1. Can you name the residue in region 240-259 that is aliphatic (A, V, I, L, M) and surrounded by 14 or more Cβ atoms within 10 Å (Cβ to Cβ) and, of all such residues, is nearest to GLU173 (Cα to Cα)?
2. Taking VAL116 as the residue in question, decide whether it is assigned to a loop (DSSP other than H, G, I, E, B), over 27 Å from the mean Cα position of the chain (by Cα), assigned by TED's automatic domain parsing to the domain that holds ASP31 and more than 14 Å from ILE14 (Cα to Cα).
3. In region 66-82, which residue that is in a loop (DSSP other than H, G, I, E, B), over 31 Å from the mean Cα position of the chain (by Cα) and among the aliphatic types (A, V, I, L, M) is surrounded by the most Cβ atoms within 10 Å (Cβ to Cβ)?
4. From LEU49, LEU90, LEU85, LEU60, grab the single residue that is assigned to a loop (DSSP other than H, G, I, E, B), hydrophobic (A, V, I, L, M, F, W, C) and surrounded by 15 or more Cβ atoms within 10 Å (Cβ to Cβ).
5. Six or more apart or on different chains, Cβ under 9 Å: which pairs go from a residue in region 131-157 that's under 25 Å from ALA9 (Cβ atoms) to one that's among the aliphatic types (A, V, I, L, M) and in a helix (DSSP H, G or I)? Could you list them?
6. Would you call PRO227 more than 18 Å from ILE269 (Cα to Cα) and modelled with pLDDT of 85 or more?
7. For region 83-113, what are the residues that are within 36 Å of the chain's Cα centre (by Cα) and either touching a residue at least 40 places away in the same chain (Cβ under 8 Å) or not assigned by TED's automatic domain parsing to the domain that holds GLN18 (or both)?
Amino acid sequence: MNLLVDILAASILIVDDQAANVKLLERLLADAGYEHVSSTMKPEEVCALHRKNSYDLILLDLQMPVMDGFAVMEGLKTNTAESYLPVIVLTAQPGHKLQALQAGAKDFISKPFDLVEVKMRIHNMLEVRLLYKKLANYNLELEATVAERTAELRESEARYRSLTELASDWYWEQDADGQFTKMSGPVLEMLGMQVDPLHQDDDPQLPSGWNDAERVQLHNIIAQRQPFLDYLFHRVRPDGTQQTFQVSGEPMFDRLGRFVGYRGIGLEITARS
């Protein structure tokens with residue numbers, strides 16, 4: 001299993017002022033297959049060592065001269081690069097177990113050592129530790145991916161809008177409910193939408209002169225979530241002359257394939273018709 005390989009490749013630091021305990025734990029971990037085990041009998045060096053090596057697990061004796069295990073844990077908490085404290089405390093004092101857990105230790109091993117218990121607690125602790133690191137790395141990768149895709153989307157929209165402004169008289173967007181969210185030009189009148197928000201609850205008074213059949217046909221296309229290209233719209237001016245407009249649009253969908261609206265462009269081609 002890859003997880004077992006990762007566990008045996010984890011970096012472990014043994015901190016104990018008793019040489020016999022250090023040797024016992026080193027031999028135990030070596031026999032179990034752990035590949036990266038180091039030790040120190042100087043607790044005052046632990047914080048610097050952890051900042052340099054970022055240990056996956058620290059086996060920390062609580063009762064040591066110069067600096068006890070509780071002081072070491074307080075020092076480890078100053079490591080702002082990571083809030084997780086990968087510590088199993090080693091203690092012969094039952095009353096210290098709860099205090100150590102409250103201080104941030106993740107587990108404890110009682111002295112004198114039960115070798116089977118020691119191996120099991122170390123294995124379990126490393127399994128949780130490595131899963132925690134993988135989750136943290138996954139979240140970082142996910143955040144980076146989202147940021148990258150968001151930037152790409154914004155760049156794409158900016159390029160699209162720049163091109164449409166050059167190639168058309170107006171640009172428009174609708175949401176999934178058919179409400180215009182971005183627009184310019186006579187789009188509202190062309191589609192027969194109510195322009196005056198003060199009368200939005202009244203019976204719609206459609207602007208005169210537009211071809212109702214063309215408008216109904218375009219509504220049907222949009223209702224079927226279909227793209228349309230160079231769709232022609234006609235309007236008769238009050239003086240009897242005719243205007244011709246050309247409009248194109250495409251449905252928009254999110255990453256899950258859900259319809260979120262339409263966007264399109266249009267221009268007046270009266271002079272060319």
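1. Per the criteria, the residue is MET252.
2. Against the criterion (assigned to a loop (DSSP other than H, G, I, E, B), over 27 Å from the mean Cα position of the chain (by Cα), assigned by TED's automatic domain parsing to the domain that holds ASP31 and more than 14 Å from ILE14 (Cα to Cα)), VAL116 does not qualify.
3. Selected residue: MET67.
4. Answer to the selection: LEU85.
5. Correct list of pairs: LEU131/LEU3.
6. yes
7. The answer is TYR84, PRO86, ALA105.
Let's see how each residue does on (1) surrounded by 11 or more Cβ atoms within 10 Å (Cβ to Cβ); (2) modelled with pLDDT of 85 or more:
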| position | (1), (2) |
| --- | --- |
| ASP114 | yes, yes |
| LYS119 | yes, yes |
| LEU126 | yes, yes |
| GLU141 | no, yes |
| THR150 | no, no |
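The values are calculated or read from the model by the stated rules, or taken from the named source; none is laboratory data. Just so you know, these numbers come straight off a predicted model, no measurement behind them. Methodologically, a virtual Cβ is constructed for each residue, glycine included, from the backbone with ideal geometry; neighbour enumeration extends over all protein chains shown.
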